[in-house]
Amino acid sequence: MRYLFAVTIFLVALTDPAGAQSRNENWKLCETGDPARGIAACTTLINSGTETIENLAIAHSNRGITYSDKGDFDQAIADYERALQLNPNLSSALNSLAWDLATMPAADRRNGRRAVELAERATKTNTREPGFLDTLAAAYAEVGRFSDAVRTQENSIEILKQTTGMPKAVIDDFESRLRLYQNNRPFHRTP
């Protein structure tokens, strides 16, 4: 009987690479956004039955970000919504859901009004987080509030420029969105 149990554990470890990782290794993978291993690691943590409510919310939010990066918006939104059920004030989930709702490629999937509400809530948690401000600017542009989008994006760029070691490519990316807002155009990701 013991032998059968040991063989079963060994086979499960072989078929579930994320499950074979230690909890700390799974957290590292869950936080990296690596589509191949991050989603599996986050899923292992979510299904472990050992994580706190706060950690479950973070794992759902992290997995949602990875799904979004892959273009799987249905899975991403489901994960963000679950994260917010577990922790309604989780800024990463608020920001990520707002970003997707404001910038998704498919017009029928975007919801600018909800994106603004979520992005404003996220920004209240950290008014100097350039990524949150970038999301808020995208949400404002999505609902046609272009002057607010420009002002908010300019603020985010100023913060980025004050950040030591900030790659020029990141600043260029933010500035490209600013130019859209200055021309009364929202930012939408391409499929």
Scan the stretch 23-38 and tell me whether some residue there is more than 22 Å from Tyr140 (Cβ to Cβ), acidic (Asp, Glu), modelled with pLDDT of 95 or more and outside any helix (DSSP H, G or I). no
Evaluate the stretch 65-78: report whether one residue or more is surrounded by fewer than 23 Cβ atoms within 10 Å (Cβ to Cβ), in the same structural domain as Lys28 (by TED's automatic domain parsing) and touching a His at 6+ places or on another chain (Cβ under 9 Å). yes
Give me the residue from the stretch 25-38 that is surrounded by fewer than 23 Cβ atoms within 10 Å (Cβ to Cβ) and of a type outside the set (Gly, Ala, Ser) and, out of that set, farthest from the chain's Cα centre (by Cα). Glu25
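The values are calculated or read from the model by the stated rules, or taken from the named source; none is laboratory data. Everything numeric in this text was worked out from a predicted model, so none of it was measured. Reconstructed Cβ throughout: ideal geometry from the backbone, glycine too, with neighbour counts over all protein chains shown.
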